[in-house]
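Notes to accompany the following structure.
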Amino acid sequence: MAEMLRVAALTGERNVPSARFRVGQFIGPLRGHGVDVSWHPAPISNYPPRSRWLRPLWLPATVAARVPAIAATRAADVTLLQRELVSTLSTLEGLTRRPRVFDVDDAIWLRRGGAFAAAIVRGCDLVIAGNDYLAEWFLRHNRRVVVLPTAVDTARFRPRDADVEDGGDRAVVIGWSGTSSNLEYLRAIEGPLARVLHERPRCRLEVCSSEPPRFAGLPADRVRFDPWSPATESAFIRRLDIGLMPLPENEWTLGKCSFKMLLYMACGVPPVVSPVGMNAQVLDRGTIGLGAKTDAQWVEALLALIDDAGLRRRYGNAGAGLAASDYSVTALAPRLAALLEDVARGRN
């Protein structure tokens, strides 16, 4: 039996989405491809606390907390760094064992001028970027960059049971799931949502996040909030009829890897999204959802899906198929395993 490739993966905290979805969920599947991942999530948040008074204490504490993980890389064949160890800083990355792989799913160079990101990746043997926009920037600082989308675990995020029927007297549920820091994107389409809820009385909005949303103009009895948890996030998305992913178009959002959209698709939920960056690329892959830029387009797209259960079903089925074939853990684990093997063996 071939010896397992040993990978030490250093990430943010265990429940941070990038750590969970770009590293944590691959641990089991990678074993089936000959890769043994030792996961070292951050014991202390690698993001600074809101209180400026705590930051002088936080920085040395979070750096010191990573020392055991740095030492653990000495027993590995490959070190996998999921983003920087401390947000917006280059710290102990250069002390990890090489070969070194840097995985990134956000436009992190937009913070502090990006010098820290360039310094880290210049010391890496491979950069794995979540989309083409990210890859383009990192190619300026490392000649070996590949694109690997954020994968969806389609065993967990899957379409709801067929016996849950559309139509009839059942309310049509529009929903959004994400971190509270991104609720501002949802609030940006509050106007279109208010019009849609007014025109379709049997429609409601549901939001799953770590904090409840605050809307100025939406009727409270038509908005439901679900506290987020890893145990319930898939069940929340599966009960939606339409998924929302509004984004402004700027340098930061161009770096987004469409993961919210992919989760909706995997669950057979047709998405309505801002066609920004990777969102537009995924939309172009098939008839899996609708794009909307203006308020009028948001209203038109939502009403079209609310009023046509058959259209929702067709988009949902097509999206679930695309998510399984091109964006699932099953599809992407072999690619990730091959990349790690190539780095370990010094192959280009």
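Throughout, read-outs are computed from the coordinates displayed, never taken from laboratory work. If you're wondering where the values come from, they're calculated on a predicted model, not measured in any experiment. We place every Cβ from the backbone using ideal geometry, glycine too, and count neighbours over all the protein chains shown.
What fraction of the DSSP beta bridges in the chain is antiparallel, stated in percent and rounded to the nearest 5? Spell out each step's value before the answer.
Details: 1 of 42 bridges.
If I count the DSSP bridges inside the chain, around 0 percent turn out antiparallel.
Could you go through the range 71-80 in sequence order and give the Karplus-derived ³J(HN,Hα) for each residue, using 6.51 cos²θ - 1.76 cosθ + 1.60 with θ = phi - 60°, rounded to whole Hz, and x for Gly and Pro?
5, 5, 5, 5, 8, 9, 8, 9, 9, 10
Please compute the modelled spin-label separation between residue 161 and residue 55, points set 7 Å along Cα→Cβ, answer in nm with one decimal.
5.1
Explain nothing, just the number: relative contact order of the range 26-170, from Cα pairs under 8 Å at least 6 residues apart, as a whole percent. Let's see the in-between values first.
On the way: 179 pairs, mean separation 20.5, N = 145.
Relative contact order here is 14 percent.
Give or take rounding to whole Å, what are the principal axis extents of the alpha carbon atoms in the range 172-326, in descending order?
Answer, in whole Å and largest first: 39, 33, 33 Å.
Calculate how many DSSP beta bridges within the range 172-326 are antiparallel, expressed in % of all such bridges and rounded to the nearest 5.
Here the antiparallel bridges make up roughly 0 percent for the range 172-326.
Using every Cα-Cα pair within the range 174-217, state what percent have a distance larger than 18 Å.
I get 24 percent for the Cα pairs in the range 174-217 exceeding 18 Å.
Which ³J(HN,Hα) values in Hz, rounded to whole numbers, follow from the phi angles of the range 241-255 under the Karplus curve 6.51 cos²θ - 1.76 cosθ + 1.60, where θ = phi - 60° and Gly and Pro get x?
Running phi through 6.51 cos²θ - 1.76 cosθ + 1.60 with θ = phi - 60° gives 9, 9, x, 10, 9, x, 8, x, 9, 8, 4, 5, 6, 4, x Hz.
Hey, what do the phi angles of the range 31-41 turn into as Karplus ³J(HN,Hα) couplings, whole Hz, using 6.51/-1.76/1.60 and θ = phi - 60°, x for Gly and Pro?
4, x, 10, x, 10, 9, 9, 9, 8, 10, x
Select from 301, 194, 75 the residue whose mean-square fluctuation is largest in a Gaussian network model of the chain (Cα-Cα springs shorter than 10 Å).
Sorting by GNM fluctuation, first place goes to 75.
Near residue 23, within a Cβ-to-Cβ distance under 13 Å, what is the net charge of the other residues, with Lys and Arg +1 and Asp and Glu -1? List each step's numbers first, then the result.
Details: positive: 14, 20, 22, 83; negative: 13, 103, 105, 153.
Here the count lands on 0.
For the chain, what's the relative contact order in percent, using C-alpha pairs closer than 8 Å and at least 6 residues apart?
This gives 16 percent for the chain.
What does the extension gain come out to for residue 4 and residue 280, with contour length at 0.36 nm per residue minus their alpha carbon separation?
Result: 95.5 nm gained on full extension.
Which far-off residues, 5 or more places away or on another chain, put their amide H under 5 Å from the one on residue 206, with H placed in the peptide plane?
Under 5 Å from the amide H of residue 206: 174, 175, 176, 224.
Loop-only trypsin sites (Lys or Arg not before Pro) in the range 236-278, please: DSSP not H, G, I, E or B, and at most 16 other Cβ atoms within 10 Å.
239
Taking 0.36 nm per residue of separation and subtracting the Cα-Cα distance, what length does fully extending residue 313 through residue 200 add?
Details: separation 113, 0.36 × 113 = 40.68 nm, distance 1.92 nm.
Once the chain is fully extended between residue 313 and residue 200, it gains 38.8 nm.
Under a 10 Å cutoff between Cα atoms, tell me which one of 142, 250, 15 has the largest fluctuation in the Gaussian network model of the chain.
250
Stretch residue 214-residue 118 to full length: gain in nm at 0.36 nm per residue minus the Cα-Cα span?
30.8 nm
Using only helices, what value at 222 nm comes out for the chain when you add -39,500 (n - 2.57) per DSSP H run of length 4 or more and divide by the total residues, to the nearest 500 deg cm²/dmol?
Result for the chain: -10500 deg cm²/dmol, rounded to the nearest 500.
Once you keep just the Cα pairs under 8 angstrom separated by 6 or more residues, what percentage relative contact order results for the range 172-326?
Reported relative contact order: 23 percent.
Round to a whole angstrom and tell me the spacing of the C-alpha centers of the range 235-295 and the range 94-115.
If we compute the Cα centre of each part, the gap is 26 Å.
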